Amino acid sequence: MKQIIFTEKAPAAIGPYSQAVLSNGTLYISGQIAFALAESGASIQEETRQVMENLKAILEAANMTFENVVKASIFVKDMNNFAAINAVYGEYFSENPPARETVEVARLPKDVNVEISCIAVI
Ligand SMILES: C=C(N)C(=O)O
């Protein structure tokens, strides 16, 4: 079974993908970005916070919270932002954080500085 999850509280997809897909109790959330903030020259902390709020809204649309997240993937334009991103990210996962990898990439969609995807289970 495959259920498409959509909420107006997070940005609509900017390509041929869904915000999230629920399948057999597992929620796969597409990489979230905050392109309006990135364009406006917001700080990496602000950009990361908006990305986390997007993820939160999508989790809530599937009746989940950050406690349901088992895996996250972080893609960053500049690994020098690692500590700043961790500081904001860590506010959302104060206990038993999910497994994760953080990867520096050459470029991200819409030239954002950070993109985060995650997997959550019921
Ligand atoms: C922003 C994305 N998740 C994408 O382009 O796949």
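Just so you know, all these numbers are worked out from the coordinates, no wet-lab data involved. All values derive from a computational prediction rather than experimental measurement. Reconstructed Cβ throughout: ideal geometry from the backbone, glycine too, with neighbour counts over all protein chains shown.
Looking for something part of a helix (DSSP H, G or I) and acidic (D, E) - is there at least one such residue anywhere in region 66-77? Steps first, answer last, please.
At the first step, the residues of region 66-77 found to be part of a helix (DSSP H, G or I) are 66-68.
Keeping just the survivors that are acidic (D, E) gives 67.
Among the residues of region 66-77, at least one is part of a helix (DSSP H, G or I) and acidic (D, E), which makes the answer yes.
Those residues that are in a strand (DSSP E or B), in contact with a Lys or Arg (Cβ under 8 Å, 6 or more places away or on another chain), away from the ligand (no atom under 15 Å from the Cβ) and not basic (K, R), I need them from region 81-122; list them, please.
Going through region 81-122, the residues in a strand (DSSP E or B) turn out to be 99-104, 114-121.
In the following step, the residues that additionally are in contact with a Lys or Arg (Cβ under 8 Å, 6 or more places away or on another chain) were identified as 99-100, 104, 114, 118-119.
Checking which are away from the ligand (no atom under 15 Å from the Cβ) leaves us with 99-100, 104.
Residues satisfying the conditions are A99, E104.
Please work out if V51 is more than 16 Å from the ligand (Cβ to nearest atom), surrounded by 19 or more Cβ atoms within 10 Å (Cβ to Cβ) and under 14 Å from the mean Cα position of the chain (by Cα).
On the way: more than 16 Å from the ligand (Cβ to nearest atom): no; surrounded by 19 or more Cβ atoms within 10 Å (Cβ to Cβ): yes; under 14 Å from the mean Cα position of the chain (by Cα): yes.
For V51, the condition - more than 16 Å from the ligand (Cβ to nearest atom), surrounded by 19 or more Cβ atoms within 10 Å (Cβ to Cβ) and under 14 Å from the mean Cα position of the chain (by Cα) - is not met.
Examine region 17-26 for a residue that is farther than 24 Å from V105 by Cα, away from the ligand (no atom under 16 Å from the Cβ) and in contact with a Leu (Cβ under 7 Å, 6 or more places away or on another chain), and state whether such a residue exists.
Taking region 17-26 first, the residues farther than 24 Å from V105 by Cα are 21-26.
Filter once more, so that each one left must be away from the ligand (no atom under 16 Å from the Cβ): 22-26.
The next check asks that each one be in contact with a Leu (Cβ under 7 Å, 6 or more places away or on another chain); those that pass are none.
Scanning region 17-26, I find no residue that is farther than 24 Å from V105 by Cα, away from the ligand (no atom under 16 Å from the Cβ) and in contact with a Leu (Cβ under 7 Å, 6 or more places away or on another chain), so the answer is no.
Quick check on this structure: which one of A34, A20, A84 is more than 21 Å from T7 (Cα to Cα) and aliphatic (A, V, I, L, M)? Working first, answer last.
On the way: A34 fails: more than 21 Å from T7 (Cα to Cα); A20 fails: more than 21 Å from T7 (Cα to Cα).
Checking each option against the conditions leaves just A84.
What do you reckon, is E46 over 28 Å from R107 (Cβ atoms) and more than 16 Å from the ligand (Cβ to nearest atom)? Please lay out each step first, then the result.
On the way: over 28 Å from R107 (Cβ atoms): no; more than 16 Å from the ligand (Cβ to nearest atom): yes.
No: the conditions fail for E46.
Within the set of pairs 6 or more residues apart or between chains, which connect a residue that is more than 14 Å from G31 (Cα to Cα) inside region 71-91 to a residue that is aliphatic (A, V, I, L, M) and part of a helix (DSSP H, G or I) with Cβ atoms less than 7 Å apart?
Close Cβ pairs satisfying both conditions: N81/I44; A84/I44; I85/I44; V88/M52; Y89/M52.
Could you check region 66-117 and list, in sequence order, the residues that are of a type in the set (S, T, Y) and surrounded by 15 or more Cβ atoms within 10 Å (Cβ to Cβ)?
Within region 66-117, the first condition is being of a type in the set (S, T, Y), and the residues that meet it are 73, 89, 92, 94, 102, 117.
S73, Y89, Y92, T102, S117 - these are the residues of region 66-117 that are of a type in the set (S, T, Y) and surrounded by 15 or more Cβ atoms within 10 Å (Cβ to Cβ).
Mind listing whichever residues of region 27-43 are more than 14 Å from the chain's Cα centre (by Cα), buried (at least 19 other Cβ atoms within 10 Å of the Cβ) and away from the ligand (no atom under 13 Å from the Cβ)? Walk me through how you get there before you give the answer.
Just the residues of region 27-43 that are more than 14 Å from the chain's Cα centre (by Cα), to begin with: 36-43.
Add one more test, that the residue is buried (at least 19 other Cβ atoms within 10 Å of the Cβ), and what stays is 37-38.
Passing the criteria: only L37.
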